Amino acid sequence: MTTITSVSREARLFDPPEAFAKAARIPNREAYEAMYKRSIEEPDAFWLELASELHWFQRPTQGLDYSNAPHAKWFADGTTNLAYNCLDRHLESARRNKAALIFEGEPGDVRVLTYQQLHREVCLFANVLRRLGVEAGDRVAIYMGMVPEAAIGMLACARIGAIHTVIFGGFAAEAVRDRVNDAQAKVILTQDGAWRRGSVVPLKANVDKALTETPCVRHTVVLRRTMNDIEMEAGRDHDWNDIVKSVDAKCPAPALPAEQPLFILYTSGTTGKPKGVLHTTGGYMVGAYASTKYVFDLKDEDVYWCTADVGWVTGHSYIVYGPLANGATCLMYEGAPNQPDPGRFWDIIERHRVSILYTAPTAIRAFVKWGDHYPLKHDLSSLRLLGTVGEPINPEAWMWYRRMIGAERCPIVDTWWQTETGGMMMTPIPGAIPTKPGSCTVPFFGVRPKVLREDGTEAGPNEGGLLVVERPWPSIMRTVWGDDQRFRDTYYTRFPPRDEEGKSWPIYFTGDGARRDEHGYFWVMGRVDDVVNVAGHRLGTAEVESALVAHRSVAEAAVVGRPDELKGQALVAFVTLKQGEVAGKTLKDALLEHVATEIGKFARPDDIRFTDGLPKTRSGKIMRRLLKEVAAGREVKGDMTTLEDFSVLAKLSKDDE
Ligand code: ATP
Ligand code: MG
């Protein structure tokens with residue numbers, strides 16, 4: 001078997017709303033096609049041109065340098081500074097007084113930082129880092145909540161050429177310890193505590209625990225946020241506000257090589273032990289800048305809100321670097337979506353007149369579960385564009401998002417990309433590309449995705465296969481930090497390099513399954529590791545789950561294979577219901593029947609298990625590899641450092657006994 005069977009019958013198509021297209025940077029399909037064509041035929045010229053919209057101390061003349069393949073370099077003879085491009089560049093115009101960050105704390109406090117103010121804070125903090133002995137190339141760990149200082153810390157590192165590694169504030173001490181040691185960080189930036197669902201997450205106490213086993217760390221800088229009691233060790237731990245007072249606000253941005261390492265970020269850990277992805281400055285900057293500009297069709301008047309955490313790549317590229325490089329106004333929200341109630345997001349949108357919302361399928365499914373009355377209570381008419389990222393979005397969740405949040409007026413950009421890719425890879429351009437619910441549609445500029453069969457030949461229309469990307473793009477990862485072999489093994493050994501134009505081109509394997517439909521649209525079908533064998537078909541998880549989510553009682557579903565003596569694999573579905581729905585035999589039978597009619601009898605699950613929650617990574621992705629073990633009645637093994645809530649797993653395993 002070399003292909004993945006597609007069972008989806010999704011055929012709805014939505015044109016870009018006329019009013020949106022008229023005002024868009026890329027107003028029609030022809031304009032997209034022309035730009036895409038140029039980006040493929042003359043990638044160096046195309047990207048150098050986009051790069052020239054940003055500030056370079058030394059203008060690059062080179063695009064891609066692939067002499068050390070599969071390690072790509074971009075703009076290698078240029079020098080720049082990412083913090084300069086996010087801040088100083090805007091001080092020359094009226095943007096200097098524009099809100100760069102609008103911060104809303106979970107308790108309801110609001111703080112606005114203009115570009116000028118943010119610039120000052122970053123300069124001060126860059127000097128703090130220098131005072132603490134941080135030099136270009138040194139690593140700084142940032143273990144904070146969603147507060148402006150997290151972005152200030154990142155930008156301060158970028159300014160002086162230090163490498164940041166942001167550790168999501170929901171991680172425990174052990175995960176902090178492992179990442180700090182892996183990166184050999186000299187300094188940790190943290191907080192006394194972070195607000196989460198009305199209570200305090202004790203970040204500094206977690207750092208203290210980690211610090212007993214992280215000899216590389218010399219200093220910590222601690223922001224006071226929740227005012228809980230903390231211990232401060234003199235000489236090692238510094239109060240953020242105090243130490244900032246002891247330095248100068250002048251900090252000219254140095255010219256850094258384009259290939260200066262920028263950050264290390266660990267992947268979500270959905271499929272296994274997280275990989276420490278390394279990104280560098282110039283290519284990443286241009287990729288984040290260009291995708292933000294075109295995919296969000298960003299205008300100076302927008303209030304843009306990405307609900308991701310800065311601890312994930314989405315927060316790096318689309319809260320901090322991409323939007324700020326574009327001079328955007330970004331909203332940053334500290335807390336949980338259901339604090340004080342599940343209407344918080346809609347309340348924020350109404351009060352701040354948010355015009356662009358970028359969130360994740362897991363959040364959308366939670367909103368569906370909580371009920372329509374929350375969004376209905378609020379005025380969402382300021383919204384003009386919606387986006388999603390992180391997992392395949394079930395078509396019915398997409399339709400809900402379009403109807404309930406977007407009032408059928410806002411295009412939806414379903415953006416497929418990875419920590420490794422640095423920026424969006426496949427996505428509709430909102431004024432130009434008609435959308436289909438559940439499809440990430442077409443490639444972004446310079447991206448050459450293909451769906452391959454196991455033998456490396458290209459799959460036909462609607463034939464599911466392995467998703468790869470040919471040729472490097474500017475924001476591609478440079479290596480796995482400290483483990484170059486893992487970089488080669490994970491991404492470049494699945495398919496042999498291809499010889500073209502007298503060169504050998506390694507093929508980047510994404511780990512995802514996908515199909516390309518008869519219109520050239522891409523549909524991500526789930527992880528290749530999660531493909532289920534039933535009745536002679538190999539099924540991707542996304543389509544079967546989407547059939548379940550299309551039932552009116554279901555909020556979320558995960559399907560996995562369980563070893564079966566007769567069939568090879570039996571299909572097990574874990575299902576979460578909408579508020580007010582009752583689990584039981586009647587519903588189970590109805591769901592089985594529903595899948596049989598939606599897909600076919602062969603895909604009818606052998607078992608349906610109702611659950612209050614699914615095991616997810618801390619970035620909100622369903623961890624099917626753990627569910628596989630539960631379904632098989634085995635002890636759950638494998639890397640669980642990124643599991644969000646152990647009790648969910650414990651409960652599922654217990655139900656099993
Ligand atoms: P790990 O690599 O450690 O297993 P991860 O792959 O979940 O974790 P991320 O880089 O956070 O780490 O996620 C990237 C993956 O998320 C993609 O490979 C894809 O499976 C999924 N994904 C992201 N956006 C989309 C999307 N729009 N549609 C479908 N899948 C998506
Ligand atoms: Mg991955």
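To the nearest 500 deg cm²/dmol, what mean residue ellipticity at 222 nm is calculated for the chain from DSSP H runs of n ≥ 4 alone, each contributing -39,500 (n - 2.57), summed and divided by the residues? Please report the intermediate quantities before stating the final value.
Numbers: 20 runs with 187 residues, N = 657.
Rounded to the nearest 500, it is -8000 deg cm²/dmol.
Hey, got a sec? Which trypsin sites (Lys or Arg not before Pro) in region 1-32 land in a DSSP loop and have at most 14 other Cβ atoms within 10 Å? Walk me through the intermediate numbers first.
Numbers: sites: Arg9, Arg12, Lys22, Arg25, Arg29; in loops: Arg9, Arg12, Arg25.
Sparse-neighbourhood loop trypsin sites (Lys or Arg not before Pro): Arg9, Arg12.
Once amide H atoms are placed 1.01 Å from N in the peptide plane, what residues at a sequence separation of 5 or more from Asp564, or on another chain, have their amide H within under 5 Å of its amide H?
Answer set, sorted by chain and number: Gln569, Ala570.
What does the accessible area per residue of the chain come to in Å², with a 1.4 Å probe and no ligands, DNA or RNA counted?
Per-residue accessible area for the chain comes out at 36 Å².
Using θ = phi - 60° and the Karplus curve 6.51 cos²θ - 1.76 cosθ + 1.60, what whole-Hz ³J(HN,Hα) does each residue of region 388-401 get, with Gly and Pro shown as x?
9, 7, x, 8, x, 9, 5, x, 5, 5, 4, 5, 5, 4
Once the Cα atoms of the chain are picked out, what are the Rg and Dmax in Å?
Rg, Dmax (Cα atoms, Å): 23.9, 73.
Before anything else, pin down the relative contact order of the chain: Cα pairs under 8 Å, at least 6 apart, normalised by residue count, whole percent. Display every interim value, and only then the final one.
Details: 1471 pairs, mean separation 94.9, N = 657.
Relative contact order, the chain: 14 percent.
Run the reach check for Lys503 against lysines, Cα to Cα strictly under 26 Å, same-chain hits fewer than 8 apart removed. What comes back?
Lys37, Lys73, Lys450
Apply the Karplus curve 6.51 cos²θ - 1.76 cosθ + 1.60, θ = phi - 60°, to the phi angles in region 624-634 and return the couplings in whole Hz, x for Gly and Pro.
5, 4, 6, 5, 4, 5, 4, 4, 7, x, 8
Counting Lys and Arg as +1 and Asp and Glu as -1, what is the net charge of the other residues whose Cβ lies under 11 Å from the Cβ of Lys450? Mind showing how you got there, number by number?
Values: positive: Arg448, Arg453, Arg471, Arg498, Arg516; negative: Glu458, Glu470.
Cβ neighbours under 11 Å give a net charge of +3.
Sorted from largest down, give the three principal axis spans of the alpha carbons of region 163-309, whole angstrom values.
Principal axes ranked by extent give 46, 45, 36 Å for the Cα atoms.
Below 8 Å, C-alpha to C-alpha, sequence gap of six or more: please give me the relative contact order for region 531-656 in percent.
Details: 197 pairs, mean separation 26.9, N = 126.
Relative contact order for region 531-656 comes out at 21 percent.
Within the set of other residues whose C-beta is less than 14 Å from the C-beta of Arg38, count the net charge using Lys and Arg as +1 and Asp and Glu as -1.
On the way: positive: Lys37, Arg448; negative: Glu30, Glu33, Glu41, Glu42, Asp44, Glu49.
Charge balance near Arg38 sits at -4.
Positive end of the charge dipole of the chain (Lys, Arg +1 and Asp, Glu -1 on Cβ, about the Cα centre): tell me which of Cys123, Leu91, His55 has its Cα farthest that way.
Of the candidates, Leu91 comes out farthest on the positive side.
Loop only per DSSP, at most 14 neighbouring Cβ atoms within 10 Å: give me the GluC sites (Glu not before Pro) in region 554-641, ordered by residue number.
Hits after loop and neighbour filter: Glu565, Glu635.
Could you look at the chain and say what percent of its accessible area is carbon and sulfur, using a 1.4 Å probe and all protein chains? If you can, show how the numbers build up before the last one.
Numbers: 11620 of 23790 Å².
Ligands and nucleic acids excluded, carbon and sulfur give 49 percent.
Whole Å is fine, so just give me how far the alpha carbon centre of region 229-268 lies from that of region 282-306.
Rounded to whole Å, the Cα centres lie 25 Å apart.
Among the listed pairs Lys98/Lys299; Lys98/Lys204; Lys567/Lys651; Lys209/Lys616; Lys186/Lys273, which have their C-alpha atoms separated by more than 22 angstrom in this model?
Lys98/Lys204; Lys567/Lys651; Lys209/Lys616; Lys186/Lys273
Quick check for me: using +1 on Lys/Arg Cβ and -1 on Asp/Glu Cβ, what's the dipole size of the chain about its Cα centre, in debye to the nearest 20?
460 debye
Relative to the Cα centre, what is the charge dipole magnitude of region 531-656, using +1 at the beta carbon of each Lys and Arg, -1 at the beta carbon of each Asp and Glu, and rounding to the nearest 20 debye?
160 debye
Out of region 444-486, which trypsin sites (Lys or Arg not before Pro) are coil in DSSP terms and have no more than 10 other C-beta atoms within 10 Å?
Nothing satisfies the criteria.
With everything on Cα atoms, drop me the angle between helix 29-41 and the longest principal axis of the chain, reported from 0 to 90° to the nearest 10.
70 degrees
How far is the Cα center of region 178-201 from the Cα center of region 9-73, in Å?
Using only Cα atoms to place each centre, the spacing works out to 36 Å.
For the chain, which cysteines have no second Cys with its Cβ under 4.7 Å from theirs?
Cys86, Cys157, Cys216, Cys306, Cys330, Cys410, Cys440
Add +1 for every Lys or Arg and -1 for every Asp or Glu among the other residues with Cβ under 12 Å from the Cβ of Pro497, and state the total.
Neighbour charge sum, excluding Pro497 itself: +2.
Can you work out ³J(HN,Hα) from phi for every residue in region 415-429, in order, using Karplus 6.51 cos²θ - 1.76 cosθ + 1.60 and θ = phi - 60°, giving whole Hz and x for Gly and Pro?
These are the phi-based 3J(HN,Hα) values: 9, 9, 6, 9, 3, 5, 7, x, x, 4, 10, 10, 5, x, 8 Hz.
The values are calculated or read from the model by the stated rules, or taken from the named source; none is laboratory data. Worth saying up front: this structure is predicted, and the values here are computed from it rather than measured. Glycine gets a Cβ as well: all are built from the backbone with ideal geometry, and neighbour counts include every protein chain shown. The accessibility values were calculated without ligands, DNA or RNA, using every heavy atom of the protein model including side chains. Shrake-Rupley method; radii C 1.70, N 1.55, O 1.52, S 1.80 Å.
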